[in-house]
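The values are calculated or read from the model by the stated rules, or taken from the named source; none is laboratory data. In this text, all values refer to a predicted model and were calculated from it rather than measured experimentally. Here Cβ is always computed from backbone atoms with ideal geometry, including for glycine, and neighbour counts include all displayed protein chains. The accessibility values were calculated without ligands, DNA or RNA, using every heavy atom of the protein model including side chains. Shrake-Rupley method; radii C 1.70, N 1.55, O 1.52, S 1.80 Å.
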Amino acid sequence: MMSKESRMAQNIKEAALTADADDLVMYRTVPAYYRSLPGKLPDKLVSLDQVGASRQDIYKAASGYEGMRIGMLEGDLKHGYASFGLGISQITKIEPVSVIMDRLNSGVPANN
């Protein structure tokens, strides 16, 4: 996702560089829990979760997977969400996919 070639919105890539796992907001939905960069919609989804809305209601408020497309590909966290895992803390740069693959194939950790 964090390669130069990735279709993820540039503002989301840049936000991911400065975020760590503690910065993510978490809410339950279908099929399970999601973690997102904060924003208007993600914060609303957290609020819905906190007041006991059903997973289905939260999924509907998130516009299902369309909300992820809007957040991650369009970079709009007002109407979408940007889903990341705890590994976000290990993201330190945006590189060409060839560099990432070479590092993975060599066994060198991402932070080196």
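Structure remark: mean-square fluctuation, Gaussian network model of the chain, C-alpha springs under 10 Å; the largest value among Ala82, Ala21, Ala32 belongs to Ala32. Computed from phi, the 3J(HN,Hα) profile of segment 16-29 under the Karplus parametrisation 6.51, -1.76, 1.60 (θ = phi - 60°) reads 5, 5, 9, 8, 10, 4, 5, 7, 6, 9, 10, 8, 8, 6 Hz, with x in place of Gly and Pro. Counting heavy atoms of the protein chains alone, Arg55 has an accessible area of about 90 Å² for a 1.4 Å probe. Using heavy atoms of the protein chains and a probe of 1.4 Å, the accessible area assigned to Val30 is about 40 Å².
Relative to the longest principal axis of the Cα atoms of the chain, helix 40-50 runs at roughly 60 degrees.
Expected output is a single nm value to one decimal: the length gained when fully extending between Ser47 and Arg69, i.e. 0.36 nm times separation in residues minus the C-alpha distance. What is it? Length gained, Ser47 through Arg69: 5.8 nm.
Of the residues Met8, Met26, ranked by 1.4 Å probe accessible area with the largest first, the sequence reads Met26, Met8.
With a Cα cut-off of under 14 Å and a minimum spacing of 8 residues unless on different chains, the lysine pairs in the chain number 6.
Using C-alpha pairs below 8 Å separated by at least 6 residues, the relative contact order for the chain is 33 percent. With a 1.4 Å probe rolled over the protein heavy atoms of all chains, the accessible area of Tyr27, Tyr34 falls in the order Tyr34, Tyr27, largest first. Computed from label points 7 Å out along Cα-Cβ, the spacing between Asp102 and Asn11 is 3.3 nm.
Show me the ranking of peptides 9-15, 39-45 by mean Cβ neighbours inside 10 Å, starting with the highest. Walk me through the intermediate numbers first.
Numbers: 9-15: 17.1, 39-45: 19.9.
Listed from highest to lowest mean packing, they are 39-45, 9-15.
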